[in-house]
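Before any comments, here is the structure.
The values are calculated or read from the model by the stated rules, or taken from the named source; none is laboratory data. None of these values were measured; they are calculated from a predicted model. FYI the Cβ positions are ideal-geometry reconstructions off the backbone, even for glycines, and counts take in every protein chain you see. The area values use the complete protein model at the heavy-atom level, side chains included, leaving out ligands, DNA and RNA. Shrake-Rupley method; radii C 1.70, N 1.55, O 1.52, S 1.80 Å.
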Amino acid sequence: MSKEVIKRLIGSTLLALLIIVCTSQDFIRYMKIPTSVVVFKGEQVHIPTNEHIGSRAEDGQAAFAFRESSKGVDITGEAVGQSEVVFNLAGIPVKKTSVRVLKEFRVVPGGQSIGVQLNTLGVLVVGYHKIKGASGQRSPGEEAGIQVGDIISEIDEKYVTNMNSISEILQTVNTESVNVKIIRNEKEQIIAVKPEKDVDDQTLKLGLYIRDSAAGIGTLTFFDPASKKYGALGHVISDADTKTPIVVKDGTIFRSTITSIDKGQNGTPGEKLAHFASDGEEIGNIVSNTPFGIFGKMTATIENNHYDGSLPIALSSEVKKGPAEILTVIDGKKVEKFSVEVVNSVAQKFPATKGLIIKITDPRLLDKTGGIVQGMSGSQIIQNGKLIGAVKHVFVNDPTSGYGVHIEWMLEEAGIDIYEPSQKAG
């Protein structure tokens with residue numbers, strides 16, 4: 001038998017052995033062992049494998065208790081801290097799982113309909129218009145390269161705080177051009193613009209349509225009684241015309257009353273119609289507008305009459321497919337409970353906005369709204385007595401279903417830390 005044939009036989013044998021090993025149940029269970037596990041103090045997590053040999057902590061004391069069974073390992077958090085479980089394969093230690101035990105943490109769920117009033121940082125460019133000047137009709141801002149979606153923050157080093165600011169600043173200039181500071185894609189730049197004097201009113205203008213505020217409605221997701229911090233909406237607020245996320249200077253949330261529902265249909269998202277007065281009772285401020293929602297501090301106490309006490313939260317790794325519920329308002333100010341189904345959940349290690357897919361299953365909500373509608377964003381999702389996330393966006397072609405965001409990322413955006421300093425992911 002030639003050496004080449006022997007090499008081929010050995011190679012084929014090794015490949016066959018590799019396939020057998022990789023398709024064995026023991027190897028499959030081994031590959032599914034997580035490299036890290038997070039559990040709250042007093043709660044339990046299950047790792048489905050029976051290849052367990054022990055645990056140890058850097059300080060010599062485990063932060064958890066574990067129990068082996070034929071179906072795997074049950075880990076129960078006992079003290080805030082971090083330890084390890086060591087697993088073996090065929091008697092050889094092959095994998096370590098880091099176990100972090102977190103302090104007990106609870107927040108008060110919302111569900112209330114809120115009115116939102118945002119004030120932009122500077123002014124937002126939403127379009128162009130022609131100025132009738134001595135040299136004809138032109139838009140100086142467009143010619144200079146200012147784009148729709150840009151934020152104008154300064155003109156000749158003078159702050160632009162609202163729409164009137166631009167007119168006031170332009171009437172004081174005595175130069176041919178002005179330096180306009182804009183923010184585009186989170187980066188600042190200076191653009192020289194030659195204003196045009198309008199022949200009708202003899203005032204200098206840039207030929208730009210601008211906006212300095214935005215308003216709408218949404219749903220409060222949670223607030224923390226200790227810090228008074230809250231989160232709402234579950235998604236960023238963007239300008240209606242430019243679709244550009246609004247950079248917030250400040251803002252306010254108010255009590256809101258749902259007056260009617262524009263029912264959703266395939267291809268057409270529905271909408272809650274509501275009334276709120278911008279000079280009405282303020283219940284909180286707005287300090288940030290992010291892909292995970294709006295955040296600030298509550299200045300008033302509001303109730304939902306379902307979970308007015310606090311609820312524990314669930315990390316993304318704890319969420320399961322199956323029944324859940326949401327709290328939202330579909331008439332007046334009454335917060336109601338409706339059944340939903342968690343269709344999919346991604347156990348995310350890092351912040352991401354689309355971690356959940358849910359489907360509305362409640363017959364009464366489907367009859368009233370057709371499913372998820374605008375204004376429902378922020379409605380909290382509760383599963384097995386824990387707050388797991390918030391409704392985010394509807395699927396346009398299937399109004400009964402939509403995305404949700406995991407609650408842990410909203411808490412992080414709100415500045416609420418559920419980890420001890422030594423437990424932060426590196």
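Summary of packing: across the peptides 33-40, 290-297, 240-247, the per-residue average of other C-beta atoms within 10 Å ranks them, highest first, as 290-297, 33-40, 240-247.
Summary of the geometry: the range 130-146 and the range 302-363, compared by the centres of their Cα atoms, lie 51 Å apart. Taking only protein heavy atoms and a 1.4 Å probe, the accessible area of the range 344-426 is 53% carbon and sulfur.
Charges were assigned to the Cβ only: +1 to each Lys and Arg, -1 to each Asp and Glu. The resulting dipole of the range 69-188 about its Cα centre is roughly 540 debye.
Before I look further, what does the range 373-421 give for accessible area per residue, probe 1.4 Å, in whole square angstrom? List each step's numbers first, then the result.
Values: 1470 Å² over 49 residues.
Averaged over the residues of the range 373-421, the accessible area is 30 Å².
For residue 285 and residue 194, what does the FRET efficiency come to when R0 = 60 Å and r is the distance between their Cβ atoms, rounded to the nearest 0.05? Working shown, then result.
Working: r = 39 Å, r/R0 = 0.66.
With a Förster radius of 60 Å, E is 0.95.
Among all the lysines, which ones have a C-alpha under 28 Å from residue 132's C-alpha, if same-chain residues fewer than 8 places away are not counted? Partners found: 158, 181, 194, 197, 205.
Taking a ≥ b ≥ c as the square roots of the eigenvalues of the Cα gyration tensor, the range 238-331 is rounded, since a/c falls below 1.5. Taking the Cα atoms of the range 307-426, the ratio Rg/Rh between the radius of gyration and the Kirkwood radius comes to 0.98.
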